[in-house]
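The values are calculated or read from the model by the stated rules, or taken from the named source; none is laboratory data. Computed from a predicted structure; not experimentally measured. Note: ideal-geometry Cβ built from the backbone for every residue, glycine included; neighbour counts use all protein chains shown.
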Amino acid sequence: MTLAHPIATEPTLPSARGPLSATVIDLLAERAPHGHLQRIESSVGDADPYGLDLQLALAVCYELHYSGFRGVDSGWEWNAGLLHLRGRLEDLFLDALRRDVGPITADDTAEAEMTRLSVEPTSGNGPTWHFLKDGTWEQVQEYFVHRSIYHLKEGDPHAWAIPRLRGRAKAAFVAVEFDEFGGGRASEIHQELFADLLAASGLDSSYLGYMDYAVGETLVAVNLMSMFGLHRSLRGAAVGHFAATEITSPSGSQRMVRALKRLGGPDEAIKFYAEHVEADAVHEQIVRTDVVGDLVMREPRVEADVIFGMRAFDFVEDRLADHMVRSWTQGTTSLRRPLDD
Ligand SMILES: [Fe+2]
Ligand SMILES: [Fe+2]
């Protein structure tokens with residue numbers, strides 16, 4: 001049996017982009033200390049919560065819970081000193097998100113929020129709209145590169161929420177995740193479909209292969225999911241984020257199918273988005289009624305966080321979309337460094 005993509009070897013550590021990421025990355029080159037709490041000093045307070053340095057530091061900390069890094073002692077995953085530093089980065093990130101998302105009032109409901117998200121826009125400014133009209137194939141490749149950080153671990157960050165759910169919400173959540181993970185077929189795992197898309201598009205399909213090309217906006221969108229997933233206290237936000245992803249996916253994926261056909265993109269790329277048009281239309285219904293509906297009935301206290309998760313999704317996705325289109329309008333790459341570098 002041959003494998004479509006070589007067995008994922010652990011990714012290599014990315015290069016630092018400032019003092020915080022340098023602190024974390026330099027530390028991981030050492031052996032994890034055992035048996036005592038060693039404070040890691042770093043001046044976190046004045047860092048930009050959405051900046052590349054802080055987000056890269058956070059992404060590296062989170063990656064210890066996913067695939068880890070080549071040559072890095074896996075003991076760092078639960079190192080108290082590193083977790084303490086990660087907690088300070090998360091506090092800054094979460095405070096900024098709560099501030100930018102704004103207050104959630106007693107009149108706001110998850111149901112109304114989902115109705116808002118499910119209204120199909122007839123126009124927009126994001127990359128998928130741009131690709132429909134005058135985007136170039138090179139810009140689509142850049143879009144794939146940004147998205148690769150997430151899609152090569154698609155389904156994983158949300159999976160942390162499973163043990164935090166009960167009953168119907170849990171059953172329905174897992175049913176949707178089952179599809180994300182290929183419904184029992186390895187070749188249909190969405191992560192694999194995206195690796196196929198990358199390879200067919202002349203890009204590197206290795207896991208985190210484009211970490212050094214990511215900008216702050218790219219990492220914010222992925223770190224948001226990891227942060228929500230890894231904290232039980234944020235389970236409502238994790239579910240809200242999951243719901244927003246599923247609800248908004250069909251229309252964006254439909255635009256990608258049309259744009260890829262216009263640009264003569266490879267079949268593998270069309271397949272990835274076509275799969276999301278079909279599957280996510282079904283997922284949307286399951287998520288609305290059985291996951292979110294059941295969760296907020298069971299745990300009314302988390303409803304505000306479900307809404308927060310949906311709005312935070314919107315906020316970070318819009319930032320990334322704006323960054324991409326703004327860069328292209330200015331005639332520059334949206335990546336930290338150009339692809340042909
Ligand atoms: Fe998917
Ligand atoms: Fe889905």
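Can you report the number of residues in region 172-188 which are in contact (Cβ under 8 Å) with a residue 24 or more places away in the chain, more than 12 Å from ligand 2 (Cβ to nearest atom) and not in a helix (DSSP H, G or I)?
Matching residues across region 172-188 total 0.
Restricting to region 46-94, name every residue that is small (Gly, Ala, Ser) and over 22 Å from His146 (Cα atoms).
Ala47, Gly71, Ser74, Gly75, Ala80, Gly81, Gly87
Tell me yes or no: at least one residue of region 23-36 is of a type in the set (Ser, Thr, Tyr) and farther than 18 Å from Gly216 by Cβ.
No.
With the condition kept exactly as written, say whether any residue in region 231-239 is within 11 Å of the chain's Cα centre (by Cα), modelled with pLDDT of 95 or more and assigned to a helix (DSSP H, G or I).
Within region 231-239, not a single residue is within 11 Å of the chain's Cα centre (by Cα), modelled with pLDDT of 95 or more and assigned to a helix (DSSP H, G or I).
Go through the residues of region 152-160 one by one and say whether even a single one is assigned to a helix (DSSP H, G or I), out of contact with any Gly (no Cβ under 9 Å at 6 or more places or on another chain), assigned by TED's automatic domain parsing to the domain that holds Val282 and at pLDDT 95 or above.
no
Please go through region 257-285 and give me each residue that is more than 18 Å from Tyr143 (Cβ to Cβ) and more than 11 Å from ligand 2 (Cβ to nearest atom), ordered by number.
Gln285
Of (1) closer than 18 Å to Trp76 by Cβ; (2) in the same structural domain as Gly68 (by TED's automatic domain parsing); (3) at pLDDT below 90, Val24 satisfies all except one. Which?
Checking Val24 against (1) closer than 18 Å to Trp76 by Cβ; (2) in the same structural domain as Gly68 (by TED's automatic domain parsing); (3) at pLDDT below 90, the one that fails is (3).
Among the residues in region 295-303, are any under 30 Å from Ala199 (Cβ atoms) and of a type outside the set (S, T, N, Q)?
no
Within region 236-256, how many residues are more than 15 Å from ligand 2 (Cβ to nearest atom) and surrounded by fewer than 24 Cβ atoms within 10 Å (Cβ to Cβ)?
Adding up the residues that qualify gives 1.
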